[in-house]
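The values are calculated or read from the model by the stated rules, or taken from the named source; none is laboratory data. Just so it is clear, the structure is predicted and the values come from calculations on it, not from any experiment. Using ideal geometry, Cβ is built from the backbone for each residue, glycine included, and neighbour counts are taken over all protein chains shown. The accessibility values were calculated without ligands, DNA or RNA, using every heavy atom of the protein model including side chains. Shrake-Rupley method; radii C 1.70, N 1.55, O 1.52, S 1.80 Å.
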Amino acid sequence: MNEKIMLVDGNSIINRAFYGIPILTNKDGLYTNAVYGFLNILFKLIDEEKPTHIAICFDVPKPTFRHEKFADYKGTRKGMPDELREQLPTLKQLLTKMNIKMFELEGFEADDLLGTLCAESLAVDVLPVVISGDRDLLQLATDVVKIRIPKTKAGKTEVEDYYAQNVVEKYGVTPQQFIEVKALMGDASDNVPGVPGIGEKTAVKIIQQYESVEQAIEHAADVKPKKASENLVEFREQAILSKELVTIITNAPITFIKEETLFANVFNADAYEMFKALEFKSMLTRFENENKNKKADSNAEAVTYHCMGSRKEAADYVDALAKQSEPVAYQIVQEDNQLLGISFSHANDRGTLIRVGDEMRDADVIEMTKPFFESEAKKIAHDAKKDIVFLKKYGITLKQLQFDTMIAGYILNATNDTYAYNDIAYDFLQESFLSEEELFGKGKSKKKIADLSEAELTDFACRQSDISFRASGEMMRKLSEHNQDQLYFEIELPLIHVLADMEMYGIKIDKPALTVYGEELSKHIEQLTTEIYWLAGEEFNINSPKQMGVILFEKLGLKGGKKTKTGYSTSVEVLEPLKSKHEIVDKILDYRTYVKLKSTYVDGLLNVMDAESDKVYSTFNQAITATGRISSTEPNLQNIPIKIELGRRLRKCFIPTNDEYVFVDADYSQIELRVLAHMSQDETLINAFKEGQDIHRLTASQVFHIPFEMVNSNQRSNAKAVNFGIVYGMGGFSLSQDLGITKKEADRYIEGYFEKYPMVKVYLDETVARAKQTGFAETIFHRRRQIPELNASNFMTRAFGERIAMNMPVQGSAADIIKIAMVKVGRRLKEENMKSTLILQVHDELLVEAQRDEVDKVKEILAEEMAHAVTLLVPIDIDVHEGNSWYEAH
């Protein structure tokens, strides 16, 4: 057979896809995760099978002939979730645009249509391969008909394949006998009754011996065990009925015309537009023509870019660029810190590359383009921070940065995963390009950019500057439309330079102190290991959740274990409530803390420390968190645990560059609560901050109905948890877990809080309602976060969205405020020609490496600029300290 037809069980595959991939929506709030997952599975199997024909079968949501035989057939099934039901019409519409033939027939299930198409395909010499997540389809397997069963886990698809022999090997019976086994054992998912007392193992043994249900009934007296023998007689009619229910028919009244199922003209213009509307960016590459580097849109304008390899031509070109009055977009192409070329695009030039080659080495290109980068010409970049750091190594200062498309993309779509050039083209130009990963691959098989031909490198480089130039206008328009001009041009854009300076300066590590600290941690880990083994009564792998689960919940018999497919969960959420139940739990939690400190921070810092300077140079990420907070990587300096003394002590290992400098640390005092007071306009909260009261003690006094001066440390601590819990949209259950109290008590705390701060409750309710109406929450400075979860029918998903809506404006505004302070502090230090440098930001804290003679001035600048970063209805308090280590300064 030269032709092959792929027969797909539509309902089964979309159902598996829905539960295998987290909820996704497009910008219009349309649920898309099931459709996306379905297509992932479909395309994977198309690539593997290379079918000449394809057909997809769906159930009709009406009773079938099986319901006529047995009214309770599938009677125990839960209804389809709304989020999935809404996606079925979308999938069918998309398949229609892709010219993929669909079958559905009232009174019959998709299984019956698949069985019928399988038989009819064989009759016309077309080889069928059946795709379904339902093992009932295994009865169709033969020596030539393959059944493929996909499983989706964390967005990845695994497939089990079954010919007839594979069914025998797996289940001990032939595909036809598989029907008999299902008839005896029944099927809980379809509410097929089967024979009571006969499970899978017994059913298999019976059919292996007697081959069919009818034969087994006829020889019931000989069947073992006795109960199965008796029930075969008593429930023989039920067994026969069950066999009818589980048997897939192969002669349903449908018309199979081979030509209608041809796999042809699938990736057409209509389908392409719908893929774009659904925002399936990674799949648009399937519409690519033979030239993989060109746009996926076949109607797009063909563009020819220019490459310059001669000195004279390039020099004249750059000289003209430096004198441009209109903005110029550029793209520095580098690999492994080696320059390969620089492309430029502007109003009169879609793209020109100055390429490193035989006539011009990297140093030549850098020297030649320096006048442009340091000129007053307005520049458009994509991820300018990376460029600033790169150019600085050559003594070049990037001037007149007017726009950064990566940062603008982040501001306009804060929940996107990436903001690469292809994302910008897709979102703002409605054009599709291959991503760098799709172009070059990843891992060991990743291709080198340096291996591209001159033409390929020209297209690759110029396309990026071309996209940046053309997208910038639309992005500026959208920023204005969203009232985000101030956020972008006064906060995020100047912050690029501040973060670049911080990355280049780094922070010094006291290597001997860090080594000693690591040795101390190792001793603690060793001691804890011995104690845990003793308390457990045996040695086991403490780092294995599976082994630990067995010890805690089986051997030691602790209650509260949550069993998963791979064993018991031993997460912090599970273990924290068990601390009072057994001494071992506290030891395990301590052990994890020490191991984390040792591996992530001691070993991690030693691995990335520069051998010459003893500094670590963290990368500060400006376009990752949806709330606007800055994050850092390699090393991550944002998450050093400081709630425990041992974690705080790690800060002793961070020291100034030399004895001429000290650290000055400035920290906002309760900035998020102050933002909450401002945004909610709650008078009690505002007055408390104006009067300089201890806000946590005040809350304890208000909530617990005790005089202010009578509040003890435990009550204040609980009130602090309530204060911050409210900011994070925390409910009674989570608060009860945090405080170790009952949910009823926690609910009472929260109710008491809202009684005393009523406008906070009003504000939070209005914020959620507004977010449901608009689809997003926003900060004081109009930073937005889309929250599609608010429209979910699933209660847990919707509740999660409501928590985001409550938290994001407060946390995001606090992030905006610290960014404003960073820009102002960085600017003042430069304008006043100081030797002191801003080197680190961690949440609400700024760290300056201050020249000793400048300490007082640095403190003054920090206090002034941080306190006046924004005007709120409450005063902004700053705590400023100095020291010879980060620990001493905080």
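In the chain, the portion of solvent-accessible area held by carbon and sulfur atoms comes to 48 percent [1.4 Å probe, whole percent, DNA, RNA and ligands not counted].
Measuring nothing but alpha carbons in the range 650-748 and taking Rh as the Kirkwood radius, the Rg to Rh ratio lands at 1.12. Return the FRET efficiency for the residue pair Asn265, Thr566: r is the Cβ-Cβ distance, R0 is 51 Å, and the value is rounded to the nearest 0.05. Using R0 = 51 Å, I get an efficiency of 0.70.
Length gained on full extension, Ile741 to Thr304: 150.5 nm, using 0.36 nm per residue less the C-alpha separation.
With every protein chain kept in the model, how would you rank Glu554, Glu374 by accessible area, 1.4 Å probe, largest at the top? Don't skip to the answer; put the middle values down first.
Numbers: Glu554 100, Glu374 60 Å².
The ranking, largest first, comes out as Glu554, Glu374.
Heavy-atom accessible area per residue, the range 585-697, 1.4 Å probe: how many Å²? Provide the component values of the computation, followed by the final result.
Working: 4690 Å² over 113 residues.
I get 41 Å² per residue for this part.
Counting only alpha carbon atoms, the long axis of helix 311-322 and the longest principal axis of the chain meet at about 80°. Please identify which residues in the range 601-645 have an amide N closer than 12 Å to a label point set 7 Å out from the Cα of Val870, following the Cα→Cβ vector. So the set is 628-629.
For Ser632, the residues whose amide H sits under 5 Å from its own are Asn621, Leu637, Gln638, ignoring neighbours fewer than 5 places away on the same chain, with H placed 1.01 Å from N. The angle between the Cα long axis of helix 695-704 and the main principal axis of the chain comes to about 50°, on a 0 to 90 degree scale. The range 727-742 and the range 562-627 have Cα centres separated by 23 Å. Over the range 794-890, the hull volume per residue, using the convex hull of the C-alpha atoms, is 114 Å³. Here the spin labels are modelled as points 7 Å beyond Cα on the Cα-Cβ line, and at Met710 and Lys44 they lie 6.4 nm apart. When the helices of the chain are scored as -39500 (n - 2.57) per DSSP H run of n ≥ 4 and the total is divided over every residue, the value at 222 nm lands at -14500 deg cm²/dmol. Over all Cα atoms in the range 1-150, the spread is summed up by Rg and Dmax: 15.7, 47 Å.
Give me the one-decimal Kirkwood hydrodynamic radius in Å for the range 458-602, with the sum taken over alpha-carbon pairs.
Working: mean 1/r = 0.0491 Å⁻¹.
Taking every pair of different Cα atoms in the range 458-602, averaging 1/r and inverting gives 20.4 Å.
A 1.4 Å probe run over the protein chains yields, for the range 308-404, 41 Å² of accessible area per residue, whole-number rounding.
Taking Cα atoms only, the orientation of helix 493-505 departs from the longest principal axis of the chain by about 80 degrees.
Rounded to the nearest 0.05, what FRET efficiency is calculated for Glu481 and Glu538 with R0 set to 56 Å and r the Cβ-Cβ distance? Intermediate results must be reported in sequence, preceding the final value.
Values: r = 65 Å, r/R0 = 1.16.
For Glu481 and Glu538, the calculated efficiency is 0.30.
Inter-label distance, Ala450 to Val60: 6.4 nm, where each label sits 7 Å from its Cα along the C-beta direction. Name the lysines eligible as straight-distance cross-link partners of Lys399: C-alpha to C-alpha under 23 Å, and not fewer than 8 places from it in the same chain. Hits, sequence-local ones excluded: Lys323, Lys370, Lys378, Lys379, Lys385, Lys386, Lys819, Lys824, Lys830, Lys835. All alpha carbon pair distances within the chain were sorted into 10 Å bins beginning at 0; the resulting P(r) in whole percents reads 2, 9, 15, 19, 20, 16, 11, 6, 2, 0, 0. Here the translational diffusion coefficient of the range 493-577 follows from Stokes-Einstein with Rh set to the Kirkwood radius across Cα pairs; for 10 °C and 1.306 mPa s it amounts to 96 µm²/s.
Hull surface divided by four, with the convex hull built on the Cα atoms of the range 80-147: how many nm²?
On the way: hull surface 23.4 nm².
About 5.9 nm², averaged over all directions.
Dimensions of the range 25-86 along the principal axes, based on C-alpha atoms and rounded to the nearest Å, stand at 41, 35, 15, largest first. Across the range 132-144, rounded Karplus estimates of 3J(HN,Hα) from the backbone phi angles (6.51 cos²θ - 1.76 cosθ + 1.60, θ = phi - 60°) give 7, x, 9, 6, 4, 5, 4, 5, 8, 5, 9, 5, 10 Hz, Gly and Pro being marked x.
May I ask for the Rg/Rh ratio of the range 162-271, computed from Cα atoms with Rh as the Kirkwood radius, given to two decimals?
Working: Rg = 18.9 Å, Rh = 15.8 Å.
With Rh from the inverse mean 1/r over Cα pairs, Rg/Rh is 1.20.
A DSSP coil position with no more than 12 other Cβ atoms inside 10 Å describes the following GluC sites (Glu not before Pro) in the range 684-765: Glu691.
Here r is the Cβ-Cβ distance between Ser325 and Asn636 and R0 is 30 Å; the resulting FRET efficiency, rounded to 0.05, is 0.10.
Among rounded, prolate and oblate, which fits the range 588-697 when a ≥ b ≥ c are the square roots of the eigenvalues of its C-alpha gyration tensor, a/c under 1.5 means rounded, and a/b larger than b/c means prolate? Here the range 588-697 falls in the prolate category. Before anything else, pin down the relative contact order of the chain: Cα pairs under 8 Å, at least 6 apart, normalised by residue count, whole percent. After rounding, I find 9 percent. By the Cα gyration tensor, the range 398-532 has an equivalent ellipsoid whose semi-axes, rounded to whole angstrom, run 40, 24, 17 from largest to smallest. Kirkwood radius for the range 133-192, taken over all pairs of different Cα atoms as the inverse mean of 1/r, rounds to 12.2 Å.
Overall size of the range 733-842 from C-alpha positions, given as principal axis extents largest first: 58, 34, 24 Å. From the alpha carbon centroid of the range 113-154 to that of the range 36-86 is 14 Å. A simple spin-label model places the labels of Thr515 and Thr684 5.7 nm from each other, with each point 7 Å out along Cα-to-Cβ.
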